[in-house]
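First comes the structure, then the notes that go with it.
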Amino acid sequence: MSKPPEQTIDEILTLAAAQFKVARETLAADDDFFKKLGIDSLQALSLLTRLENHFGVELPDYELQGVSDFRTLAARIQARL
Amino acid sequence: MTAAASFAGQTLSWEIRDGVVELALHRAPCNEIGSRTLEELERFAAALPDLEDRAHALILYSQQAAGFCAGADLRELYARASAMQKDAARLGVRDFLERIHAVLNRMDMSSMTTIAAVHGVCFGGGLELALVCDVIIADKMARFCFPELRLGLIPGFGGIPRLKRDMGNAVVRDLLLTGRSLNATKAQAAGWVSQVVGEGEALRVARGTAAQIGKFDRATSAAAKAFIKPIPSEELRREMDLFCELFQRPAVEVGLKKFVESADAQPYLP
């Protein structure tokens, strides 16, 4: 049974905060993760790798083209859980 | 110790530790392979006969946090190609490819057992460099990709023939034609990564693997390697020809321009 979407978002925010060393409470589901984390696209791929490892899914990077907020990212992952 | 036994260059360094050559890549931001790296790789290839007399294994790794290697230095390629007439640019690319193929073929056929310890980004020419090695050990945060088709090109440093040497054509087509990136677990399942290890552990595990390899008769290891890992010379030559043919197309200039003009600090190919 898949996780509730809100739990997936929460786990993504926690992992992103830890990886890029920002306070968890400063991140919200609708944030643009490029802007909020100050990351480039290679660093975003690194976050994708961490999320794939954590959730045990494979998410082709082309499915994330144009995705820049945590909520949509979570939905893409949720679809593969 | 002679000059060949150790070297500290601008883009890479090597030394011998416990009978193992450790070749460290350290060009910021992520070991992009340009003319300087090529010159230092050629220096390494020239030193290989001496190193092979002194060591039984080679570990290739990166000291850059971003990863193993992001591939060819596209900014340098674009700057050089833009400053030349088309024919001169094509000849320049051909010369670069001939030289890097000579280096990578020499590393591929080294009598030492070669291990790539990979973390983070391992894209394009970086993946082609890793595929030269006999064993690839990947940190679980490693990510692999052949993004060249996004530029209107194919991999040019021998990646396709070397990947085909090790696995089915279907896997190669998927990687090549989609340009997508795969994580270490998927790369292990596909077959080109032999061990997936914890974050930050690839070099340590590679050293342990090299120590294990050192327990066996050196000549037998070299003979086994030559038997099981032939150089796909004909395909490597055809790959180079196709790359040069594609390089002349206008789509490549457009793709390179888009890449170098990206506002992204480290653009993943558009």
Item to check | region B:170-270: chymotrypsin sites (Phe, Trp or Tyr not before Pro) falling in loop per DSSP and having at most 16 other Cβ within 10 Å | outcome: B:F216
Next on the checklist: Loop-only trypsin sites (Lys or Arg not before Pro) in region A:2-81, please: DSSP not H, G, I, E or B, and at most 16 other Cβ atoms within 10 Å.
Outcome noted: A:K21, A:R80
Checklist entry - What 222 nm value per residue comes from the helices of chain B, counting each DSSP H run with n ≥ 4 as -39,500 (n - 2.57) and dividing by all residues, nearest 500 deg cm²/dmol? => result -15500 deg cm²/dmol
Next on the checklist: If you average the C-alpha positions of region B:132-161 and of region B:78-115 separately, how far apart do those two centres end up, in angstrom?
Outcome noted: 16 Å
Next on the checklist: Heavy atoms of the protein only, probe of 1.4 Å, neighbouring chains included. What is the accessible area of B:E32 in Å², nearest 10?
Outcome noted: 30 Å²
Item to check | For region B:94-136: rounded, prolate or oblate by the Cα gyration tensor [a/c cutoff 1.5] | outcome: oblate
Next on the checklist: Per 0.36 nm of contour for each residue apart, how much would the distance between B:K229 and B:Q248 grow if the chain were fully extended, relative to their Cα-Cα spacing?
Outcome noted: 3.6 nm
Next on the checklist: Please report the antiparallel percentage of DSSP beta bridges with both residues in region B:3-260, rounded to the nearest 5.
Outcome noted: 35 percent
Item to check | Label-point gap, in nm, between B:R99 and B:E15 - each point 7 angstrom along Cα→Cβ | outcome: 2.8 nm
Checklist outcome for this item: Any chymotrypsin sites (Phe, Trp or Tyr not before Pro) in region B:37-102 that lie in a DSSP loop and have at most 12 other Cβ atoms within 10 Å would be none
Next on the checklist: Would region B:70-145 count as rounded, prolate or oblate if I go by the C-alpha gyration tensor, calling it rounded below 1.5 in a/c and otherwise prolate when a/b exceeds b/c, oblate otherwise?
Outcome noted: oblate
Item to check | Mean accessible surface per residue for chain A, computed with a 1.4 Å probe while every protein chain stays in place, in Å² | outcome: 50 Å²
Checklist outcome for this item: Quick shape check on region B:90-200: root eigenvalues a ≥ b ≥ c of the Cα gyration tensor, a/c under 1.5 is rounded, otherwise prolate if a/b tops b/c, else oblate, and it reads oblate
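The values are calculated or read from the model by the stated rules, or taken from the named source; none is laboratory data. Just so it is clear, the model here is predicted, and its values are computed rather than measured. In this analysis, Cβ positions are derived from the backbone assuming ideal geometry, glycine residues included, and neighbour counts consider all displayed protein chains. Accessible surface areas use protein heavy atoms only, side chains included; no ligands, DNA or RNA. Shrake-Rupley method; radii C 1.70, N 1.55, O 1.52, S 1.80 Å.
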